[in-house]
Amino acid sequence: MVSKALEEYLKTMYILKKQNNNIRVTDIAEKMNCTKASVNKAIYNLKDNGLLNYESYGTIEMTQEGENLAKKILEAYDIVYLFLKDVLNIEEEKAKKEAENIKSTITDETVNKLAKYVHKVLDLNSLDCDYDINKEKCRSCARRINRK
C-alpha cells in the first residue's frame with residue numbers, strides 16, 4: 001500500500017501519460033508544484049512498490065498495477081467531486097479543491113456507498129450491484145457509462 005502523497009504522484013503521472021503520451025520528471029514537478037528531487041524520490045518509491053518501471057534518466061512507464069491504481073484514484077476523486085458539485089451544489093472550483101482533500105482521506109467502503117448514492121440522486125444508471133472501486137470492471141462498467 002502506498003501513501004496518499006504517492007497516490008497523488010501516480011495520478012499526476014497517469015494524467016500526463018494520457019495527455020502527452022509520455023511522463024517526464026519536469027512535467028510532474030511543474031504540475032504538482034514541487035521539486036524535481038521530490039519527484040525522483042516518489043518515482044523510486046513507486047518503482048519499489050511495483051507501480052512504475054524506471055531506470056535513471058530513462059523513460060518512466062507505469063505498470064498495469066500502477067495504471068489500475070491511478071484509475072481508482074481518479075474514480076474516487078470523480079465520485080466525490082460529482083457529489084459536492086451536482087448533489088450539494090458547491091461551486092465548481094471549491095468542489096474541485098474539496099474533492100482533492102476528501103479523496104485523500106475517504107475509505108474505499110465509503111467511496112463505494114457514495115458512488116451508489118450519487119448515481120441514484122443524479123438519475124444516472126443504477127449501481128444497485130456489488131459496485132467496488134477496487135475492481136476494474138466496476139470502474140468501466142457499461143451501466144455507469146450509459147445514461148438513462
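Below are the figures for this structure:
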quantity	calculated
In the range 19-35, residue surrounded by the most Cβ atoms within 10 Å (Cβ to Cβ) [restricted to those that are under 16 Å from Ala5 (Cβ atoms) and not hydrophobic (A, V, I, L, M, F, W, C)]	Lys31
Members of the range 50-64 found to be more than 17 Å from the chain's Cα centre (by Cα) and either closer than 14 Å to Glu8 by Cβ or buried (at least 17 other Cβ atoms within 10 Å of the Cβ) (or both), listed by number	Tyr54, Ile60
Every pair of residues 6+ apart whose Cβ atoms lie under 7 Å, when the first sits in the range 17-29 and is within 15 Å of Asn53 (Cβ to Cβ) while the second is of a type in the set (A, V, I, L, M) and in a loop (DSSP other than H, G, I, E, B)	Lys17/Ile23; Ile23/Ile60
Tally of residues being aliphatic (A, V, I, L, M) and either over 22 Å from Met1 (Cα atoms) or part of a loop (DSSP other than H, G, I, E, B) (or both) across the range 38-63	2
Filter result for Asn68 (exposed (fewer than 15 other Cβ atoms within 10 Å of the Cβ) and under 30 Å from Lys94 (Cα atoms))	no
Output for the range 1-13, where each listed residue is of a type in the set (Val, Ile, Thr) and either modelled with pLDDT of 90 or more or surrounded by fewer than 14 Cβ atoms within 10 Å (Cβ to Cβ) (or both)	Thr12
Selection status of Ile73, in contact with an Asp or Glu (Cβ under 8 Å, 6 or more places away or on another chain), outside any helix (DSSP H, G or I) and either β-branched (Val, Ile, Thr) or closer than 30 Å to Lys120 by Cα (or both)	no
Filtered residue count, the range 104-124, keeping only those that are closer than 18 Å to Ala70 by Cα, not small (Gly, Ala, Ser) and not in a helix (DSSP H, G or I)	3
Any pair with Cβ under 6 angstrom, 6 or more apart, that starts in the range 43-57 at a residue that is without any contact (Cβ under 8 Å) to a residue 12 or more places away in the chain and ends at one that is crowded, with 16+ Cβ neighbours inside 10 Å and part of a helix (DSSP H, G or I)	Tyr54/Ile43; Tyr54/Lys47
Where Leu16 falls short, out of the listed (1) at pLDDT below 90; (2) surrounded by 13 or more Cβ atoms within 10 Å (Cβ to Cβ)	(1)
Every pair of residues 6+ apart whose Cβ atoms lie under 8 Å, when the first sits in the range 96-123 and is among the hydroxyl-bearing types (Ser, Thr, Tyr) while the second is modelled with pLDDT under 85	Ser104/Lys4; Thr105/Lys4
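Here's the yes/no breakdown for (1) surrounded by fewer than 13 Cβ atoms within 10 Å (Cβ to Cβ); (2) within 11 Å of Ala76 (Cα to Cα); (3) at pLDDT below 80; (4) in contact with a Lys or Arg (Cβ under 8 Å, 6 or more places away or on another chain):
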{"site": "Glu98", "(1), (2), (3), (4)": "no, no, no, no"}
{"site": "Ile102", "(1), (2), (3), (4)": "no, yes, no, no"}
{"site": "Asp108", "(1), (2), (3), (4)": "yes, yes, no, no"}
{"site": "Leu114", "(1), (2), (3), (4)": "no, yes, no, no"}
{"site": "Lys120", "(1), (2), (3), (4)": "no, no, yes, no"}
{"site": "Leu127", "(1), (2), (3), (4)": "no, no, yes, yes"}
{"site": "Ser140", "(1), (2), (3), (4)": "yes, no, yes, no"}
{"site": "Arg147", "(1), (2), (3), (4)": "yes, no, yes, no"}
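The values are calculated or read from the model by the stated rules, or taken from the named source; none is laboratory data. Just so we're clear, the structure is a prediction, and the values are computed from it rather than from any experiment. Positions of Cβ are backbone-derived with ideal geometry, glycine not excepted, and every protein chain shown enters the neighbour counts.
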